[in-house]
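Worksheet for the structure shown next.
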Amino acid sequence: MNHTSTILLFSLSGFSATVNYKVTLFSLTLLCYCIIVVVNVSLILTIILDENLHEPMYIFLCSLCFNGLYGTAGFYPKFAFDLLSDVHVISYVGCLLQVFVIYSYAKVDYSILVLMAYDRYVAICRPLEYHSVMSVRRTAVLVCLSWIVPLCCEIVVGTLTSRLTLCGSHIDKLYCENWSIVKLACSSTNANNIVGLIVISFYFGHALFIACSYVLLVKSALKSREGRKKFTQTCVPHLLCLLNITAALLFDVMYSRYGSASVPQNLRNFMAIQFLIIPPILNPIIYGLILTKIRSRMMFLCMFAGQIFKLRVKV
């Protein structure tokens, strides 16, 4: 296989460690995916149906949950199918599409968390200007940018990857990953490396922006009891979600580039997929439990649904 045009399939060797646990892992995967769909859809519907939640913070949260559904859709169906299959392969086009969906999901997630940090900064540090700064129009523009910029970044990365001449088709993971494809190249990867560093630097800038905004947030929150209360109620869940996705992505990036083959395959598999398991489940749960408005509204909807169910049963 000397050219990309001759490579029709990639083999995914990460499944070699799952052979003895097929049914168990399939059941857990199905359960995990169902939980992700239920908690994210529930939060999305709660925010859409309640006009009191049509505020920038909740709109960003709705976008975060929608992104969780988008990203996991690029992984779980194929992963569940492969668990029960004896042949673990993916087409060349399917591989590039999976890379695009999974890693654009990760980038969009981080972009939305940046917007949420900015929103909390304005709400706590500049409360009198909040409604003028976070207007409906600006909120809509920011949400669009949080999707458009990451998608464009991933299109550029994917285009460069698709132009590489590959000398192999063996991917040592449970799913397709850009760096794993680049490592198969027998042509120059300088452009990929440069663009990769630019993208990493760009999102490292996101992290610095969040850090700076929280330094200002803490300073402002300590000045008053009301500020401390608002910080605890709205910033703590954001910080938990931020630490969650940051740790998950850091594991994935560091292992993809510097991981050792001596690490057990099961551990490598977990490190590779945990950013597709933990954030999509925990993000809506954290916000649903901590934010009073969402928690009370979801409890009301659950009680309302329960009453309707009881009435139907009686009929």
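The values are calculated or read from the model by the stated rules, or taken from the named source; none is laboratory data. Quantities reported herein were computed from a predicted structural model and do not represent experimental measurements. All Cβ positions, even for glycine, are placed from backbone atoms using ideal geometry, and neighbour counts span all protein chains on display. Each accessible area value is taken on the protein alone, full model and side chains, heavy atoms only, with ligands, DNA and RNA left out. Shrake-Rupley method; radii C 1.70, N 1.55, O 1.52, S 1.80 Å.
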In degrees, nearest 10, the alpha-carbon axis of helix 56-73 is tilted away from the dominant principal axis of the alpha carbons of the chain by 20 degrees
Going through the cross-link list Lys78/Lys293; Lys22/Lys293; Lys78/Lys230; Lys107/Lys183; Lys107/Lys223, which pairs have a Cα-Cα distance over 30 Å in this structure?
Lys78/Lys293; Lys22/Lys293; Lys78/Lys230; Lys107/Lys223
Not counting the cut sites, what is the longest span of the chain without trypsin sites (Lys or Arg not before Pro) that DSSP labels loop and that have at most 12 other Cβ atoms within 10 Å?
1-162
For the stretch 87-96, what does the Karplus curve 6.51 cos²θ - 1.76 cosθ + 1.60, with θ = phi - 60°, yield as ³J(HN,Hα) per residue in whole Hz, taken in order and with x for Gly and Pro?
10, 10, 10, 9, 5, 4, 5, x, 5, 5
3J(HN,Hα) from dihedral phi, the stretch 155-169, Karplus parametrisation 6.51/-1.76/1.60, rounded to Hz, x for glycine, proline
5, 4, 4, x, 5, 5, 5, 5, 8, 6, 8, 9, 10, x, 9
Karplus couplings for the stretch 15-23 from phi (6.51 cos²θ - 1.76 cosθ + 1.60, θ = phi - 60°), rounded to Hz, Gly and Pro as x?
6, 4, 8, 9, 4, 7, 10, 4, 5
Can you give me the long-range amide H partners of Leu164? Hydrogens built in the peptide plane at 1.01 Å from N, cutoff under 5 Å, separation of 5 or more residues or another chain.
none
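Fully extended, how many nm does the chain gain between Asn20 and Arg126 (0.36 nm per residue separation, minus their Cα-Cα distance)? Can you show the working numbers first?
Numbers: separation 106, 0.36 × 106 = 38.16 nm, distance 5.69 nm.
The span from Asn20 to Arg126 would gain 32.5 nm if fully extended.
Within the chain, what whole-number % of the accessible surface is contributed by carbon and sulfur, with the 1.4 Å probe and all protein chains included in the calculation? Walk me through the intermediate numbers first.
Details: 11610 of 16310 Å².
Of all accessible area on the chain, carbon and sulfur atoms account for 71 percent.
One quarter of the convex hull surface, Cα atoms only: what value does that give for the stretch 40-98 in nm²? Each step should come with its number before you reach the end.
Numbers: hull surface 20.5 nm².
That works out to 5.1 nm².
Given Cβ point charges of +1 (Lys, Arg) and -1 (Asp, Glu) and nothing else, what value in debye, to the nearest 20, does the dipole of the chain about its Cα centre take? Kindly include the intermediate steps, with their values, before the conclusion.
Numbers: 24 positive and 13 negative charges, 194 e Å.
Rounded to the nearest 20 debye, it is 940 debye.
Taking a probe of 1.4 Å, how large is the accessible area per residue of the stretch 137-248, in Å²?
Values: 5890 Å² over 112 residues.
Accessible area per residue: 53 Å².
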Using a 7 Å offset from Cα along Cα-Cβ at Val133, what residues in the stretch 49-66 end up with backbone N under 14 Å from the label point?
56-57
Okay, helix-only estimate at 222 nm for the chain: each DSSP H run of n ≥ 4 adds -39500 (n - 2.57), divide by all residues, round to 500 deg cm²/dmol; what do you get?
-25000 deg cm²/dmol
Here P(r) for the chain, Cα-Cα distances in 10 Å bins, as whole percents, is 5, 24, 31, 22, 13, 5, 1, 0
From the residues His238, Phe251, Cys32, which one has its Cα farthest along the dipole of the chain in the positive direction, the dipole being from +1 and -1 charges on Cβ of Lys/Arg and Asp/Glu about the Cα centre?
His238
